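The values are calculated or read from the model by the stated rules, or taken from the named source; none is laboratory data. Fair warning: this is a prediction, and the values are worked out from it, not measured in the lab. FYI the Cβ positions are ideal-geometry reconstructions off the backbone, even for glycines, and counts take in every protein chain you see.
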Amino acid sequence: MEQLKKSWLAVLVLIAIVFTVGLQLGRVRKSGRGVSVPTAGIAGDAMEVMKARGLSPDDVYGALSSYVPTGRYDDYLMFASGGHSGQVFVIGLPSMRLLRVIATFTPDPWQGYGVGVKENPFEDPMSGRTPDGRPVTWGDSHHPALSETNGDYDGQFLFIGDKANGRIAVIDLRDFETKQIIENPVITGNHGAAFVTPNTEYVIEGSQYAGPLGKEFAPISEYKEKYRGLITFWKFDRTKGRLVIEESFALEVPPYWQDLADAGKLESDGWAFVNSFNTEMATGGIEKGNPPFEAGASQADMDFLHLINWKKAEEVVKAGKFRTINGMRVIPLETSVAEGVLYFIPEPKSPHGVDVTPSGKHFVVAGKLDPHVTIYSIAKVKEAIANKDFEGKDPFGVPILKFDSVKIAQVELGLGPLHTQFDNKGYAYTSLFLESAVARWTLGDDKYQAPEKPWTLVGKVPVHYNVGHIAAAEGDTVEPDGAYLVSLNKWSVDRYKNVGPLLPQNLQLVDISKTGDQLKSLYDMPIGNGEPHYAQIIKADKIKAWEVYPEVGWDALSQTKTPEARIKGEVVHQGDAVHVYMTAIRSHFEPEHVEIEEGDRVIFHITNLERTLDATHGFSIPGYNVAASIEPGETVTVDFVAKRPGVYPFYCLEFCSALHLEMAGYLLVKPKGEGTIMPQKTAA
Ligand code: RUQ
Ligand code: CUA
């Protein structure tokens, strides 16, 4: 009751604010723009709206806290993985508006991605191929990682892992386009990807399901001998914006089903942390009367957190102590042990997330089947390693640190803890999958100090339902922002009007700006696409995206001006190929007739001459599976052999002007041997 009274008081105050602001806006509008907007009685109207729509004080609080009026921008951008849609979603906060879907592992005709246009990574032979040589056209994107400088998001690049096919994609945040997809040549699949080291020296990719290295065959009866996990450190060349396999390396690890990863920072810089959850080395086979994986992999009380000294690993590679598998330098397991690159730390009960705190002093592990989170100290870890204070070795000879000598706290939170995030008030937040809640608890002796006593649970907020990851504003950096947290819920069940048996996921915005147990869920965002796993949230003003490409004739893949750009359309025959240098500007293509012969290879180089924000043109050739997006200043290439004669109207796909429908032309493919109709220029 007391609570209710307080809430109503809050609403009355809010309404008073709305009323005052409304009045002033009204005055400004009347005098400033000469538009008369009735303002009197806003408070009354707001009350009526509340009543008519049956809104509670909390609803109004949520609405007013997340609403971003037209023309105003969001404070944060959230990059969420799209699961097996293969894409990346860009969502504004606090409005929770979807601003962009970045085509990443899956073709998207709107973006001219994977549908006949050359300027995308599908063309690259390293990007992943089916056994018969075709590009792989989907992915299971899990963990996005923003590039970092000194442990802080720098807004330049985004990396994301494809769990299904063991690939990493690189997205350039100047134009929000995918520039590279690179497949791990040693192991199939990943999960602990992508996580970056504090200066984006490396992008970490941890495998999930063990397999024979080099993607070869070995019977499952030889699991212990032949199956392995792999932790890859992909070297990132920031100038080129590419991961470079020649400078990357990987560690062979036991077949323990490695899970999530995180990179150390500040005090733990130089270390990487990777969970595992099948140290039992269960091999399943329910149909043969064996325990299923879910039972076999949950036997032991402890699994092993993998602790990797990647700076040491760099030296080992420099000293040539590796073997090369399919072009990747791999440090053998026994070498990692001998050189002090790899250690194990016991971690309770099928752990899932491992997260490094803002100071880098601590790392937090959540055991799915344990109601606690366990907090370890990197100082204690270093001390234990220096003193060789081990409890023994695993079957592969890896030294195991003593749980009690490196753990500094355990906090009981509730059922099914998964992932942890941080704020700037000394709190940590952990998702509770089984409880459908997010728990807030206090860190001790970290960068910030909460008012409550360290290592205690201080509050929970229910979420709907089955939360996987959570993401807090700048929550993985050395300087988190607090303010907001988004709960990425797997199930939405009863939250929305049913639209059939395949339900949307539910992303919930939570206000974490106040202390103590004051956590408020503000807004529900259904996402009817893919399945967002993880997300990172960056301050919007750190992103400096281009409005139009820097110069007319820009090749978005190499991020340079291309010699294939023209400002006047022309057709040039060159050997067997017909080069069509085409321009696009409101509202025509030039040339509008393209006449070729059956069997000709035709290469369109289409340049959008526009310098106006948003003046994008499209280019489609129905029947030849071509859909291009040509953004202002961009040049794209479409290259195919015209095997089927006929008349193919091509047209602009974007509604670019009032005469957009007239922005069209004809591709005329004459049957072979019928002579030239239109005079065309021939290259010397
Ligand atoms: S994980 S299931 Cu990030 Cu919790 Cu992929
Ligand atoms: Cu250009 Cu429509």
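Out of all the residues in the stretch 542-565, which are touching a residue at least 40 places away in the same chain (Cβ under 8 Å), of a type in the set (Val, Ile, Thr) and not in a loop (DSSP other than H, G, I, E, B)? Even if it seems obvious, please write down each step before you answer.
Start the filter on the stretch 542-565 by keeping residues that are touching a residue at least 40 places away in the same chain (Cβ under 8 Å), which leaves 542-557, 559, 562, 564-565.
Those left that are additionally of a type in the set (Val, Ile, Thr): 543, 548, 552, 562.
None; the set is empty.
Yes/no matrix, rows are residues, columns are (1) on the phi > 0 side of the Ramachandran plot; (2) basic (Lys, Arg):
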position	(1), (2)
502	no, no
514	no, yes
530	yes, no
544	no, yes
549	no, no
564	no, no
573	no, no
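So is residue 178 on the phi < 0 side of the Ramachandran plot and either at pLDDT 95 or above or not in a loop (DSSP other than H, G, I, E, B) (or both) or not?
Values: on the phi < 0 side of the Ramachandran plot: yes; either at pLDDT 95 or above or not in a loop (DSSP other than H, G, I, E, B) (or both): yes.
So residue 178 fits the description; yes.
If you scan the stretch 414-447, which residues turn out to be charged (D, E, K, R) and outside any loop (DSSP other than H, G, I, E, B)?
Within the stretch 414-447, 440 is the sole residue that qualifies.
So which of 133, 116, 112 ends up being among the small types (Gly, Ala, Ser), at pLDDT below 95, over 28 Å from residue 506 (Cβ atoms) and buried (at least 16 other Cβ atoms within 10 Å of the Cβ)?
116
So if I check each of 618, 673, which one is at positive phi and either part of a loop (DSSP other than H, G, I, E, B) or under 36 Å from the mean Cα position of the chain (by Cα) (or both)?
That would be 673, the only listed residue that is at positive phi and either part of a loop (DSSP other than H, G, I, E, B) or under 36 Å from the mean Cα position of the chain (by Cα) (or both).
Could you tell me whether the stretch 478-501 includes any residue that is charged (D, E, K, R), crowded, with 22+ Cβ neighbours inside 10 Å and within 16 Å of ligand 1 (Cβ to nearest atom)? Can you show your working first?
Filtering the stretch 478-501 for residues charged (D, E, K, R) gives 479, 481, 490, 494-495, 497.
Now narrow it down to the ones that are crowded, with 22+ Cβ neighbours inside 10 Å: none.
Checking the stretch 478-501: not a single residue is charged (D, E, K, R), crowded, with 22+ Cβ neighbours inside 10 Å and within 16 Å of ligand 1 (Cβ to nearest atom).
Could you tell me how many of the residues in the stretch 586-628 are closer than 23 Å to residue 659 by Cα, more than 11 Å from ligand 2 (Cβ to nearest atom) and of a type in the set (Ser, Thr, Tyr)?
Residues meeting the conditions: 2.
Taking the stretch 136-157 on its own, how many of its residues are crowded, with 21+ Cβ neighbours inside 10 Å and aromatic (Phe, Trp, Tyr)?
Within the stretch 136-157, residues that are crowded, with 21+ Cβ neighbours inside 10 Å and aromatic (Phe, Trp, Tyr) number 2.
Look at residue 323 and say whether it is touching a Lys or Arg at 6+ places or on another chain (Cβ under 9 Å) and free of Cβ contacts under 8 Å to residues at least 40 places away in the same chain.
Answer is yes for this residue.
Does any residue in the stretch 400-429 that is under 14 Å from residue 478 (Cα atoms) and of a type in the set (Phe, Trp, Tyr) come within less than 7 Å, Cβ to Cβ, of a residue that is part of a strand (DSSP E or B) and away from ligand 1 (no atom under 16 Å from the Cβ) six or more places away or on a different chain, and which pairs are these?
Pairs found: 422/428; 427/440; 427/441; 427/442.
What are the residues in the stretch 332-344 that are surrounded by 23 or more Cβ atoms within 10 Å (Cβ to Cβ) and in contact with a Phe, Trp or Tyr (Cβ under 7 Å, 6 or more places away or on another chain), if any?
Answer for the stretch 332-344, where residues must be surrounded by 23 or more Cβ atoms within 10 Å (Cβ to Cβ) and in contact with a Phe, Trp or Tyr (Cβ under 7 Å, 6 or more places away or on another chain): just 344.
Any residue at all in the stretch 151-167 that's of a type in the set (A, V, I, L, M), part of a loop (DSSP other than H, G, I, E, B) and closer than 26 Å to residue 613 by Cα?
The answer is no; no qualifying residue exists.
Would it be correct to say that residue 643 is over 23 Å from residue 113 (Cα atoms), assigned to a loop (DSSP other than H, G, I, E, B) and more than 33 Å from the chain's Cα centre (by Cα)? Break it down into steps so the answer makes sense when it comes.
On the way: over 23 Å from residue 113 (Cα atoms): no; assigned to a loop (DSSP other than H, G, I, E, B): yes; more than 33 Å from the chain's Cα centre (by Cα): yes.
Considered against the rule, which asks whether it is over 23 Å from residue 113 (Cα atoms), assigned to a loop (DSSP other than H, G, I, E, B) and more than 33 Å from the chain's Cα centre (by Cα), residue 643 comes out as no.
Looking at the stretch 504-521 only, could you name the residues that are surrounded by 20 or more Cβ atoms within 10 Å (Cβ to Cβ) and either at pLDDT below 95 or over 22 Å from the mean Cα position of the chain (by Cα) (or both)? It would help to see each step written out before you state the result.
Filtering the stretch 504-521 down to residues surrounded by 20 or more Cβ atoms within 10 Å (Cβ to Cβ) leaves 505-512, 519.
Hits for the stretch 504-521 are 511, 512, 519.
Taking only pairs six or more apart or across chains, which ones have beta-carbon atoms under 6 Å, a first residue in the stretch 621-632 that is more than 17 Å from residue 580 (Cβ to Cβ), and a second residue that is in a strand (DSSP E or B)?
Close Cβ pairs satisfying both conditions: 629/618; 632/608.
For the stretch 68-88, what are the residues that are touching a Pro at 6+ places or on another chain (Cβ under 8 Å) and surrounded by fewer than 16 Cβ atoms within 10 Å (Cβ to Cβ)?
68
Hey, could you check the stretch 45-67 for residues that are of a type in the set (A, V, I, L, M, F, W, C) and farther than 17 Å from residue 483 by Cβ and say which is surrounded by the fewest Cβ atoms within 10 Å (Cβ to Cβ)?
The qualifying residue surrounded by the fewest Cβ atoms within 10 Å (Cβ to Cβ) is 52.
Which one of the conditions (1) farther than 23 Å from residue 150 by Cβ; (2) surrounded by 14 or more Cβ atoms within 10 Å (Cβ to Cβ) does residue 225 fail to meet, given that it meets all the rest?
Condition (2) is where residue 225 drops out.
Do we find that residue 596 is more than 33 Å from the chain's Cα centre (by Cα) and either without any contact (Cβ under 8 Å) to a residue 60 or more places away in the chain or more than 20 Å from residue 116 (Cα to Cα) (or both) in this structure?
No, not satisfied.
Which condition number in (1) under 26 Å from residue 86 (Cβ atoms); (2) in contact with a Ser or Thr (Cβ under 9 Å, 6 or more places away or on another chain); (3) surrounded by fewer than 17 Cβ atoms within 10 Å (Cβ to Cβ) is the one that residue 196 fails?
(3)
I'd like to check something: does the stretch 423-433 contain any residue that is out of contact with any Pro (no Cβ under 9 Å at 6 or more places or on another chain), closer than 14 Å to residue 366 by Cβ and either at pLDDT below 95 or among the hydroxyl-bearing types (Ser, Thr, Tyr) (or both)?
Within the stretch 423-433 (the criterion being out of contact with any Pro (no Cβ under 9 Å at 6 or more places or on another chain), closer than 14 Å to residue 366 by Cβ and either at pLDDT below 95 or among the hydroxyl-bearing types (Ser, Thr, Tyr) (or both)), the answer is yes, since at least one residue qualifies.
Would a scan of the stretch 537-546 turn up a residue that is closer than 30 Å to residue 83 by Cα, within 16 Å of ligand 1 (Cβ to nearest atom) and either aromatic (Phe, Trp, Tyr) or buried (at least 17 other Cβ atoms within 10 Å of the Cβ) (or both)?
Looking through the stretch 537-546, at least one residue is closer than 30 Å to residue 83 by Cα, within 16 Å of ligand 1 (Cβ to nearest atom) and either aromatic (Phe, Trp, Tyr) or buried (at least 17 other Cβ atoms within 10 Å of the Cβ) (or both).
Any idea how many residues of the stretch 492-541 are free of Cβ contacts under 8 Å to residues at least 60 places away in the same chain, touching a Phe, Trp or Tyr at 6+ places or on another chain (Cβ under 6 Å) and outside any strand (DSSP E or B)?
1
Which pairs turn up if I take residues in the stretch 649-661 that are over 14 Å from residue 616 (Cβ atoms) and part of a loop (DSSP other than H, G, I, E, B) and look for partners that are of a type in the set (Ser, Thr, Tyr) and within 8 Å of ligand 2 (Cβ to nearest atom) with beta carbon separation below 9 Å, at least 6 apart in sequence or on another chain?
658/587; 659/587
Can you pull out every residue in the stretch 323-362 that is more than 24 Å from residue 388 (Cβ to Cβ) and among the charged types (D, E, K, R)?
Once the filter is applied, which keeps residues that are more than 24 Å from residue 388 (Cβ to Cβ) and among the charged types (D, E, K, R), the stretch 323-362 yields 323, 329, 349, 355.
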